[in-house]
């Protein structure tokens, strides 16, 4: 296994979820974390995910993050990156308030979350995603946006600016105040940022489909992604500036309807994503749970390879219960694909026996009681591609 260009070398938790204090030093390109349900496996993956822009793999509210009985919490990570070592932290600000969350990049406040996204990237798969194609479009859009953030860090800024402008417009419309010029300025901003965000989404979908079509996901089905978005449809036929004008005028014409509905009926927040098996045409929404899982894994593997090509490093792969719904052949294919990727992967499961084929490749840990300890069932693993044994401890 080639040593990943981006790797987490230390994770520090303070009053986070089920962990009062924890310092973990991953020392291999793959880490298997096993333990009973509720023992803190997902909490570790969530902590890592919070070191990237956004609300993490659970999408949790800030009030849900501190350990029971605590008000403040903190997560910090040290990373080796292609440009050198970097420290990233997030948590409750030292001077409060507790409902806020701040970032630190090498001890200082970053200018924006795009500064964080420029240094690290992560993509995850969770059991909740088993319902991704049966639930609302917001979850699918967030999944797509995480793929875009990793390749184009500036996308986070465009989405955030769009959502801020949309919230201002919603508030003004609900309060029945604000003159036409004021609303027009906000709608201009919404249109500009919506088109920029859509261009990035459409570009990622095109590049990812090309990579998946090349068989980059190995034994997993060649997935094909589709961006379902009226703005994207317009962009396929007209220049970006013309689409901005169309969206701005559409927003202005729909103020009355949007005021009654409480939100804009048209915009970047209405985008959706569809996924299908390219060979059979089977849409993920009509597929079995196992087929859906295989398609999502194909996307994640393809995205990791695409990001490595585009930015020179693969994302951290946070795979929560990835073996569930996979048969033995697909599990073996997943493990082989992860071993071939130059990306650091973290896998969880209730039974370490599931990951027995990774002995000698991955390091293994057991959770429970707010602690993390080496799994005695696994032999020591090689270090960062050196072929030797690297010590790792908590």
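Step by step: first the residues of segment 15-73, then only those that are without any contact (Cβ under 8 Å) to a residue 12 or more places away in the chain and under 15 Å from residue 102 (Cβ atoms), then the one that is surrounded by the most Cβ atoms within 10 Å (Cβ to Cβ). Which residue is that?
56
Return a yes/no flag: does segment 105-123 have any residue that is within 15 Å of the chain's Cα centre (by Cα), assigned to a strand (DSSP E or B), crowded, with 16+ Cβ neighbours inside 10 Å and at pLDDT below 95.
Taking segment 105-123 and keeping what is within 15 Å of the chain's Cα centre (by Cα), we get 113-114, 116-123.
So of that shortlist, the ones also assigned to a strand (DSSP E or B) come out as 122-123.
When the remaining residues are screened for being crowded, with 16+ Cβ neighbours inside 10 Å, the result is 122-123.
Applying the additional criterion that residues be at pLDDT below 95 yields 122-123.
Yes, segment 105-123 contains at least one residue that is within 15 Å of the chain's Cα centre (by Cα), assigned to a strand (DSSP E or B), crowded, with 16+ Cβ neighbours inside 10 Å and at pLDDT below 95.
Which one is nearest to residue 80 (Cα to Cα) among residues in segment 309-332 that are out of contact with any helix residue (DSSP H, G or I) (no Cβ under 9 Å at 6 or more places or on another chain) and touching a residue at least 60 places away in the same chain (Cβ under 8 Å)?
At the first step, the residues of segment 309-332 found to be out of contact with any helix residue (DSSP H, G or I) (no Cβ under 9 Å at 6 or more places or on another chain) are 312, 328-329.
Still in the list and also touching a residue at least 60 places away in the same chain (Cβ under 8 Å): 312, 329.
Values: 312: 13, 329: 33 Å.
Going through the qualifying residues, I end up with 312.
Could you tell me which numbered condition residue 93 fails, if it satisfies all but one of (1) free of Cβ contacts under 8 Å to residues at least 40 places away in the same chain; (2) crowded, with 19+ Cβ neighbours inside 10 Å; (3) more than 21 Å from the chain's Cα centre (by Cα)?
Only one criterion in (1) free of Cβ contacts under 8 Å to residues at least 40 places away in the same chain; (2) crowded, with 19+ Cβ neighbours inside 10 Å; (3) more than 21 Å from the chain's Cα centre (by Cα) is unmet by residue 93, namely (2).
Using the structure shown, decide if residue 150 is modelled with pLDDT under 95, over 11 Å from residue 200 (Cβ atoms) and crowded, with 21+ Cβ neighbours inside 10 Å.
Details: modelled with pLDDT under 95: yes; over 11 Å from residue 200 (Cβ atoms): yes; crowded, with 21+ Cβ neighbours inside 10 Å: yes.
In short, yes.
Across segment 360-380, what is the total count of residues that are modelled with pLDDT under 90, closer than 22 Å to residue 336 by Cβ and over 27 Å from the mean Cα position of the chain (by Cα)? Reasoning before the result, please.
Filtering segment 360-380 down to residues modelled with pLDDT under 90 leaves 360-361, 376-380.
Filter again for closer than 22 Å to residue 336 by Cβ, leaving 360-361, 377-380.
Subsequent filtering for residues that are over 27 Å from the mean Cα position of the chain (by Cα) retains 360, 377-380.
The qualifying residues number 5.
Just name the residue that is surrounded by the most Cβ atoms within 10 Å (Cβ to Cβ) out of those in segment 339-354 that are touching a strand residue (DSSP E or B) at 6+ places or on another chain (Cβ under 9 Å) and either at pLDDT below 90 or farther than 15 Å from residue 318 by Cα (or both).
Of all residues in segment 339-354, those touching a strand residue (DSSP E or B) at 6+ places or on another chain (Cβ under 9 Å) come to 339, 341, 343-354.
Checking which are either at pLDDT below 90 or farther than 15 Å from residue 318 by Cα (or both) leaves us with 339, 341, 350-354.
Numbers: 339: 16, 341: 23, 350: 15, 351: 12, 352: 20, 353: 9, 354: 19.
Result: 341.
Would you be able to tell me the number of residues in segment 355-364 that are in contact with a strand residue (DSSP E or B) (Cβ under 8 Å, 6 or more places away or on another chain) and free of Cβ contacts under 8 Å to residues at least 60 places away in the same chain? Working first, answer last.
Within segment 355-364, the subset in contact with a strand residue (DSSP E or B) (Cβ under 8 Å, 6 or more places away or on another chain) is 355, 358, 360-364.
From what's left, free of Cβ contacts under 8 Å to residues at least 60 places away in the same chain: 360.
Total satisfying the criteria: 1.
Which condition breaks for residue 177 when tested against (1) part of a loop (DSSP other than H, G, I, E, B); (2) buried (at least 20 other Cβ atoms within 10 Å of the Cβ)?
That leaves (2) as the condition not met.
The values are calculated or read from the model by the stated rules, or taken from the named source; none is laboratory data. In this text the structure is predicted, and so the values were computed from the model without any measurement. Neighbour counts run over all protein chains shown; Cβ positions are idealised from the backbone, glycine included.
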